[in-house]
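Colleague: Mind having a look at this structure? Questions to follow.
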Amino acid sequence: MIRLLAKLFIKNNKDYKNQTVREKYGILCGGFGIFLNVILFALKFIFGTIAASVAMVADAFNNLSDAASSIVQILGFKLASKKPDSQHPFGHGRLEYVSGLAISFFILLMGFELIKSSITKLINPEPQNYNLFSILVMGFAILIKFYMYLYNHQIAKKIDSVTMEATAKDSFSDMISTSVVIVSIIISRITSFPVDGIAGIIVGAFILKTGYEAAKDTIGPLLGNPPSKELVDEIEKELLKYKPIIGMHDLIVHDYGPGRMMISLHAEVPGDMNIFDLHDVIDVAEVMISRKFNCSVVIHMDPIDTNNTRLEELKKILAEELPKIDKNLRFHDVRMVPGPTHTNLIFDVVKPFECALDNEQLIAEINEAVQQRDKSVFCAVTVDAPYV
């Protein structure tokens, strides 16, 4: 159904990176979600009231909250598509993450409310009056939620949307929760134990887990996630196509919302070439990388001494000694300043977050390791954080 609706209402519906197409998919899926969830709410509420099942009625209100979540999803996509202005020069794309976070709060709230009402049901159990049609309604709800999970998950992957992925997770948890309600109905036929209340607590736990995962997925981009290794490798591979660039470091990827990425990096170039020629190469690389990754790119040019035998010897010492301190240490921007009594070796070292040493301890250990190999060398080290 979603494919048919997309063909009817979304022009160029296969162009998933296009911001207009992304917005229309978000609105379409949100609107269709409202329609399906309202139907499920009405059916579950009616038959849950007849059967006096707190789990089924609570599940009905969970569907109503899902409809409200779909409204938030639509608003999020709509607001995120607003153009940049003087107050928000990088656009409003992160509002999509905010809407995803709001949806996760809806999920958490429903989980708490369900657990609360289920505990009440355990303390004051009531007889249940289920019938076959009630079970059929919930079986129908499972099928609908499975379909909603599929289309939300698939579209979320295509348009790279954490908000729609949160909606997909919510639909999946609804599938599980409704299945638990059906199992509780069957068991209640053979025992007087308040299975319905226990089932409600189990359903609530699933909903809380889903809410936590959805919140985690949306808070990450708001705080700033590191770029994936795959993206870093792709950027480096593309950059090195433009000779004579020989290396890359200090990559920073800013995420201002899906399709609103900004990249800055340092490109290493031979220091003995004409600066105008090198600048021209950097300009071309910026334009081509921005087109390939649909983003803004700023490249800083770092000249590297490629013909200094002494410097190459010292680089070899660093390459051998740093892994002995921490196997994940990396270095870049190495240059040296010779003097009458000693040589200053100036470079940056990238310290992994899990490294147990603080910066001062790390610098001291690097100096000790290098001076054991060459007492005339003093290391002037700048410690950087990793970008992936």
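Colleague: Could you check which residue among Ile366, Ile207, Ile34 shows the biggest mean-square fluctuation in a GNM of the chain with a 10 Å Cα cutoff?
Modeller: Highest fluctuation of the listed residues: Ile366.
Colleague: Further, regarding this structure: Between the helical axis of 275-293 and the dominant principal axis of the chain, each derived from Cα atoms, what acute angle in degrees is found, rounded to the nearest 10?
Modeller: Tilt relative to the chain: about 10 degrees.
Colleague: Below 8 Å between Cα atoms, with a sequence gap of 6+, how large is the relative contact order for the chain in percent? Provide the component values of the computation, followed by the final result.
Modeller: Working: 595 pairs, mean separation 48.9, N = 388.
Contact order relative to length: 13 percent.
Colleague: Could you state the angle between the C-alpha long axis of helix 54-80 and the longest principal axis of the C-alpha atoms of the chain, as a value from 0 to 90 degrees rounded to the nearest 10?
Modeller: The answer is roughly 40 degrees.
Colleague: Grab the beta carbon distance between Leu231 and Arg3, set R0 = 35 Å, and tell me the FRET efficiency rounded to 0.05.
Modeller: Values: r = 29 Å, r/R0 = 0.82.
Working from the Cβ atoms, E equals 0.75.
Colleague: Still on this structure, please answer the following. What size of dipole, in debye to the nearest 20, comes out for the chain about its Cα centre when the only charges are +1 on Lys and Arg C-beta atoms and -1 on Asp and Glu C-beta atoms?
Modeller: Values: 38 positive and 44 negative charges, 400 e Å.
Approximately 1920 debye in magnitude.
Colleague: Distance check, please: which entries in Lys216/Lys237; Lys83/Lys209; Lys78/Lys157; Lys292/Lys324; Lys78/Lys158 exceed 28 angstrom between their Cα atoms? Each step should come with its number before you reach the end.
Modeller: Numbers: Lys216/Lys237 31 Å; Lys83/Lys209 35 Å; Lys78/Lys157 19 Å; Lys292/Lys324 38 Å; Lys78/Lys158 18 Å.
Over 28 Å apart, Cα to Cα: Lys216/Lys237; Lys83/Lys209; Lys292/Lys324.
Colleague: A follow-up question, please. In debye, nearest 20: dipole of region 126-195 around its Cα centre with unit charges on the Cβ of K, R (+) and D, E (-)? The partial results should precede the final answer.
Modeller: Details: 5 positive and 5 negative charges, 34 e Å.
With only Lys, Arg, Asp and Glu charged at Cβ, the dipole is about 160 debye.
Colleague: Can you give the longest stretch of the chain with no exposed loop site, where a site means trypsin sites (Lys or Arg not before Pro) in a DSSP loop (not H, G, I, E or B) with at most 15 other C-beta atoms within 10 Å? Write down the numbers at each step before the final one.
Modeller: Details: sites that count: Lys11, Lys14, Lys17, Lys82, Arg189, Lys241, Lys327, Lys375.
Longest gap between qualifying sites, sites excluded: 83-188.
Colleague: Moving on. Using a 1.4 Å probe and ignoring any ligands, DNA or RNA, find the accessible area of Val98 and quote it in Å² to the nearest 10.
Modeller: 70
Colleague: How much length is gained on full extension from Val183 to Phe378, taking 0.36 nm per residue of separation minus their Cα-Cα distance?
Modeller: On the way: separation 195, 0.36 × 195 = 70.20 nm, distance 7.16 nm.
Using 0.36 nm per residue and subtracting the Cα-Cα distance, I get 63.0 nm.
Colleague: Determine the gain in length on full extension of the stretch Ile252-Leu143; use 0.36 nm per residue of separation and subtract their C-alpha separation, reporting nm with one decimal. Can you show the working numbers first?
Modeller: On the way: separation 109, 0.36 × 109 = 39.24 nm, distance 4.38 nm.
Value of the extension gain: 34.9 nm.
Colleague: Stretched out fully, how many nm does the piece from Glu368 to Lys316 gain, at 0.36 nm a residue minus the Cα gap? Walk me through the intermediate numbers first.
Modeller: Details: separation 52, 0.36 × 52 = 18.72 nm, distance 1.59 nm.
Full-extension gain reported as 17.1 nm.
Colleague: Okay, next question. In straight Cα distance, which aspartates and glutamates are under 20 Å from Lys315, not counting same-chain residues fewer than 8 positions off?
Modeller: Excluding near neighbours in sequence, the set is Asp250, Glu268, Asp272, Asp302, Asp305, Asp326, Asp333, Asp348, Glu365, Glu368, Asp374, Asp384.
Colleague: Next question, about the same structure. Using a Förster radius of 45 Å, what is the FRET efficiency between Lys82 and Lys209 based on their Cβ-Cβ separation? Nearest 0.05, please.
Modeller: The computed FRET efficiency comes out at 0.85.
Colleague: May I ask you to rank Glu321, Glu312, Glu236 by accessible area, largest first, using a 1.4 Å probe over the protein chains only?
Modeller: Details: Glu321 20, Glu312 85, Glu236 65 Å².
Descending accessible area places them as Glu312, Glu236, Glu321.
Colleague: Further, regarding this structure: Convex hull over the Cα atoms of region 59-200, averaged projected area in nm²? Provide the component values of the computation, followed by the final result.
Modeller: Values: hull surface 37.8 nm².
Seen from a random direction, the Cα hull of region 59-200 projects 9.4 nm² on average.
Colleague: Can you compute the FRET efficiency between Ile119 and Gln361 using 1/(1 + (r/R0)^6), with r the Cβ-Cβ distance and R0 = 45 Å? Round to the nearest 0.05. Don't skip to the answer; put the middle values down first.
Modeller: On the way: r = 52 Å, r/R0 = 1.15.
Between Ile119 and Gln361 the formula returns 0.30.
Colleague: Can you find, among Ser70, Pro125, Phe112, the residue sitting farthest towards the positive end of the charge dipole of region 47-125, where Lys and Arg contribute +1 and Asp and Glu -1 at Cβ?
Modeller: So the residue furthest toward the plus end is Ser70.
Colleague: Next question. For a quick check, take a GNM of the chain with Cα springs below 10 Å and name the residue from Thr120, Thr309, Thr341 with the largest mean-square fluctuation.
Modeller: Result for the chain, Cα springs under 10 Å: Thr341 fluctuates most.
Colleague: How large is the charge dipole for region 226-274, taken about the Cα centre, if only the Cβ atoms of Lys, Arg (+1) and Asp, Glu (-1) carry charge, to the nearest 20 debye? It would help to have the intermediate numbers written out before the result.
Modeller: Details: 5 positive and 9 negative charges, 27 e Å.
So the dipole magnitude of region 226-274 works out to roughly 140 debye.
Colleague: Additional query: Taking amide H positions as placed 1.01 Å from N in the peptide plane, with prolines and chain starts having none, which residues 5 or more places from Cys379, or on another chain, fall under 5 Å of its amide H?
Modeller: Sorted by chain and number, the residues that satisfy this are Leu345.
Colleague: Tell me the net charge near Tyr242. Cut-off is 14 Å between Cβ atoms, Tyr242 excluded, with +1 for each Lys or Arg and -1 for each Asp or Glu. Display every interim value, and only then the final one.
Modeller: Values: positive: Lys237, Lys241, Lys243, Arg291, Lys292; negative: Glu236, Glu238, Glu268, Asp277, Asp280, Asp283, Glu286.
That works out to -2.
Colleague: Given a 1.4 Å probe, how much area per residue of the chain is accessible, in Å²? Display every interim value, and only then the final one.
Modeller: On the way: 20040 Å² over 388 residues.
On a per-residue basis, the chain sits at 52 Å².
Colleague: Name the residue farthest towards the positive end of the dipole of region 267-388 from the options Pro386, Phe293, Ala267, assuming +1 on Cβ of Lys and Arg, -1 on Cβ of Asp and Glu, about the Cα centre.
Modeller: Result: Pro386, furthest along the dipole toward the positive end.
Colleague: How much of the accessible area of the chain, probe 1.4 Å, is carbon plus sulfur, in whole percent? Numbers along the way, then the final one.
Modeller: Numbers: 12680 of 20040 Å².
After summing per-atom areas, the C and S share lands at 63 percent.
The values are calculated or read from the model by the stated rules, or taken from the named source; none is laboratory data. All values reported here derive from a predicted model rather than from experimental measurement. Counting neighbours? That spans all protein chains shown, and the Cβs are built from the backbone with ideal geometry, glycine included. Ligands, DNA and RNA are excluded from the accessible area calculation, which covers all protein heavy atoms including side chains. Shrake-Rupley method; radii C 1.70, N 1.55, O 1.52, S 1.80 Å.
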